[in-house]
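The values are calculated or read from the model by the stated rules, or taken from the named source; none is laboratory data. Quantities reported herein were computed from a predicted structural model and do not represent experimental measurements. Ideal geometry is used to build each Cβ from the backbone, glycine not excepted, and the neighbour counts take in all protein chains shown.
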């Protein structure tokens, strides 16, 4: 199946700093990528939909100035947590769907997830 | 948006037992997927199954789209099957995958 990578896997930072997380689709093109966050013992909550070459669409309650998303190419989206605070500590997961012609039918509709980034803000 | 409900929330199994996890969804879907989240947090794709039945080794899944539910079957469970199983769906006309709260499965030797 398709592979989505995420970097870094873990980051610890001081309050007030900014953290950038990269998400890459390694073997397919993704015009749309998604960013989720997950708190311990809870489900995944969609934060925003990242569209290649255009502005991201944020879910209700997600601060777009706090969570900056850039989808500069068909294989890369970045999430920057600006001026991070302890309450931003969470598990952030990116996801992508293969909309291109490189994959077979089912793969093209399946959503694939990166391994996640654990953010701890002290 | 679409509501996705999973049951049971928690399940403890003896190794070798079979189990069924259920996912109910509130609207017609054009995408339904089952995932297994491993202890490191990675979501492993199990099935893309908006309708019909599929099997992969000891796992199988069935979605009855007209009745808005999907089932994940685990047969001859092993300790490595422990973890959280998520069902997620996309409503027709939408683009976003909505997750259920998950089934926490613990398989004891």
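Could you tell me whether region A:34-51 includes any residue that is under 14 Å from the mean Cα position of the chain (by Cα), over 25 Å from residue B:88 (Cβ atoms) and surrounded by 14 or more Cβ atoms within 10 Å (Cβ to Cβ)?
no
For region A:36-43, check the following and say yes or no: at least one residue is assigned to a strand (DSSP E or B) and modelled with pLDDT under 95.
Within region A:36-43, none of the residues are assigned to a strand (DSSP E or B) and modelled with pLDDT under 95.
Mind checking which strands (runs of 3 or more DSSP E) fall wholly inside chain B and carry at least 2 residues that are free of Cβ contacts under 8 Å to residues at least 24 places away in the same chain, more than 10 Å from chain A (Cβ to nearest Cβ) and under 23 Å from residue A:98 (Cα atoms)?
In chain B, B:52-56 are the strands (runs of 3 or more DSSP E) which contain 2 or more residues that are free of Cβ contacts under 8 Å to residues at least 24 places away in the same chain, more than 10 Å from chain A (Cβ to nearest Cβ) and under 23 Å from residue A:98 (Cα atoms).
Among the residues of region A:1-37, which ones are within 12 Å of chain B (Cβ to nearest Cβ) and either without any contact (Cβ under 8 Å) to a residue 24 or more places away in the chain or under 17 Å from residue A:86 (Cβ atoms) (or both)?
A:10, A:37
Here are A:122, A:26: which of them is touching a strand residue (DSSP E or B) at 6+ places or on another chain (Cβ under 9 Å) and closer than 19 Å to residue A:3 by Cβ?
Numbers: A:122 fails: closer than 19 Å to residue A:3 by Cβ.
Result: A:26 is the single residue among A:122, A:26 that is touching a strand residue (DSSP E or B) at 6+ places or on another chain (Cβ under 9 Å) and closer than 19 Å to residue A:3 by Cβ.
Return only the number of the condition from (1) more than 12 Å from the chain's Cα centre (by Cα); (2) more than 14 Å from chain B (Cβ to nearest Cβ); (3) closer than 23 Å to residue B:90 by Cβ that residue A:86 does not satisfy.
Going through (1) more than 12 Å from the chain's Cα centre (by Cα); (2) more than 14 Å from chain B (Cβ to nearest Cβ); (3) closer than 23 Å to residue B:90 by Cβ one by one, residue A:86 breaks only (3).
May I ask you to verify whether residue A:110 is more than 27 Å from residue B:102 (Cα to Cα) and touching a residue at least 60 places away in the same chain (Cβ under 8 Å)?
Considered against the rule, which asks whether it is more than 27 Å from residue B:102 (Cα to Cα) and touching a residue at least 60 places away in the same chain (Cβ under 8 Å), residue A:110 comes out as no.
I want to confirm something. Restricting to region A:22-33 and keeping residues that are assigned to a strand (DSSP E or B) and either crowded, with 24+ Cβ neighbours inside 10 Å or in contact with a helix residue (DSSP H, G or I) (Cβ under 8 Å, 6 or more places away or on another chain) (or both), which single residue is modelled with the highest pLDDT?
Result: A:23.
Looking at B:22, B:68, B:91, B:96, which one is surrounded by 13 or more Cβ atoms within 10 Å (Cβ to Cβ) and farther than 28 Å from residue A:91 by Cα?
None of the other options fit; the residue is B:68.
Taking region A:61-95, which residues are in contact with a strand residue (DSSP E or B) (Cβ under 8 Å, 6 or more places away or on another chain), touching a residue at least 24 places away in the same chain (Cβ under 8 Å) and in a loop (DSSP other than H, G, I, E, B)?
Residues satisfying the conditions are A:74, A:75, A:82, A:84, A:85, A:89.
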